[in-house]
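For reference, the structure is listed below as structure tokens.
Bear in mind that the values in this text are calculations on the coordinates, not laboratory data. Predicted model only: the values in this text are computed from it and were never measured. Glycine gets a Cβ as well: all are built from the backbone with ideal geometry, and neighbour counts include every protein chain shown.
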Amino acid sequence: MSGPDAADDLTPVLRGRPVLVLAPHLDDAWLSAAAVLQRAECTVWTVFAGSPSPAQSTPWDAASGFADSDETMSSRTREDEAAFAGTPHGVERLPLLDATYADHALRGQDRQELGRRLDTWLTSHPGAVVVAPVGAGVHVPQAVWQVLRERVRRSDDSAAAETPGAAPSAAGADADEGTAEAPSGALRSAKAVAAQSVRRVMHADAQRRRRKAQRRGMAANPDHLLVRDVALATVPRHAGATLVLSEDLPYLWHERGAVQARRLHRHTAGLREVTAPVDVADKHARLQAYTSQLPVLDEQGRLGAADLLPVTETYWIVDDEDRS
């Protein structure tokens with residue numbers, strides 16, 4: 001037997017519990033968590049569904065067949081509505097901006113905003129399951145400054161765990177400036193200019209390393225990693241909640257999610273891999289709503305062919321009793 005009625009280890013985790021699917025973009029829920037959507041009535045948040053103001057024209061818009069971000073996001077929203085038509089799921093599209101459009105100096109604020117929203121939702125839905133991407137795709141090696149920033153952030157998040165309602169931190173270059181003592185206007189301006197210059201250099205360095213990694217295939221999407229890291233920092237603070245990490249399609253065709261899961265294991269105890277059969281016909285039919293994105297995401301056309309889609313999806317469950 002295949003599809004959502006087949007025996008698997010995912011269904012018991014979802015049964016009788018509130019389920020929140022964190023989809024980074026307007027296609028990721030059906031691409032990577034169809035097995036969850038086919039087994040449970042879910043709340044789905046598309047995290048990066050906002051439109052920049054003013055509108056932008058980027059290479060991604062052009063590749064998708066649109067003149068600018070307004071055309072892209074309005075069309076993609078209609079595609080997403082069509083994909084979810086007839087399902088019981090409640091879909092909410094958050095106003096945060098896709099990395100294509102985002103001001104990277106403000107990504108720390110995006111992270112904090114998503115953390116606050118997730119904290120609030122988990123508080124009002126005790127015992128919930130949260131599904132987030134594992135971050136499959138070719139790994140982009142971190143620079144020394146990124147490693148140090150991540151250590152600071154994890155330390156801050158650990159301290160915040162004792163504070164109810166505290167959002168994940170935005171340590172490092174994205175962190176908000178302290179407010180203990182207001183500096184003079186000139187000093188404030190100088191600090192802002194210096195911080196902007198540092199962020200620009202860091203972003204250029206990150207883009208260079210990403211381009212290098214892309215030579216080996218599709219690199220892990222930074223929006224997916226942001227959503228995953230917020231979930232990893234937030235869900236463990238809520239007793240009884242369970243975090244489930246899903247393997248990202250089509251990124252898994254370039255580097256499997258198990259590679260990222262092994263990297264995460266030292267930070268997250270109790271990762272348990274499960275495989276769930278998928279109703280491929282249903283998944284394929286719903287994916288075809290995303291007409292602007294499928295050709296861009298996979299030039300080989302596999303997303304448009306039912307017989308080329310994986311018949312199972314892989315997930316990693318962070319067991320309640322093992323979580324730190």
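Tabulated data
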{"item": "Distant-in-sequence amide H partners of Q56 (H built 1.01 Å from N, under 5 Å)", "result": "S69, D70"}
{"item": "Amide H contacts of V91 (H built 1.01 Å from N, under 5 Å, at least 5 apart or other chain)", "result": "V44"}
{"item": "Total formal charge among the other residues, if their Cβ is under 12 angstrom from that of A55, Lys/Arg +1 and Asp/Glu -1", "result": "-4"}
